[in-house]
């Protein structure tokens, strides 16, 4: 299910440093004012796997092929200790049990896919787990970027030195932390708001790879205050105040347009100058 998070990254520092940062992170096809996470935390090329095959089936088949207790399946057998260690490692990452295979399960898998295709894909995935701790780009990005997809809908305000962009399911916290390591002299303030702003909203200030200030929307008051700050709104001007007893925001009494004084009460559903309705016969 799609879930979007809006990020606002404000840059504070020398103009030359800010310009270097914007040049460094830009999408080469979009130019200054865009953001490419690959520039900040590059993904190994081997993980760029897109396939219609089942990755679980491919891993299962390849580990069965290298399992010294299984019949020959066209792959060199591993020592039993190595096989079990790798099978447990990958199984832990994917929530699967790859330590036991059966001929019946293999026959069922091969009803739908070619053995050679599954072994080729499985070998690549297993090698990626051994080398990177992840099988493909999807898993690696979530682990290293904190999000699955690259930034989109980027917009840069040159006057405010603020870059806004969208991410999926989470804010770009890991990306901003790494960027602050790469540009330690630039102060980075990341604010974000998710579709469920009541629980997914926050603000972090990073410099030299460290977060010095954080604020999270863990309660109704903080969430709404952070939302107002994100969109540069005044809750007072909007006629809202926080009631400490009720622990929620309430609407202030609204003034009339003409006088600016509170509106007069209406009795029995009408004002004193309203004409009474003629009773029906």
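None of the figures in this text is laboratory data; all of them are computed from the coordinates on show. Everything numeric here is computed off the predicted structure, so don't read it as measured data. Neighbour counts run over all protein chains shown; Cβ positions are idealised from the backbone, glycine included.
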Exercise for the section: Order the peptides 176-182, 104-110 from the highest to the lowest mean number of other Cβ atoms within 10 Å of their residues. Expected result: 176-182, 104-110
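So for region 46-142, what are the equivalent ellipsoid semi-axes in whole Å, largest first, each being the square root of 5 times an eigenvalue of the Cα gyration tensor?
20, 16, 11
For a Förster distance of 45 Å, can you work out the FRET efficiency between the beta-carbons of residue 81 and residue 187, rounded to the nearest 0.05?
About 0.35, to the nearest 0.05.
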Problem - Mean-position separation - Cα centroids, region 107-172 and region 23-76, in angstrom - result: 7
Completion exercise
Descending packing, highest mean Cβ count within 10 Å first, for 46-58, 125-137 is 125-137, 46-58
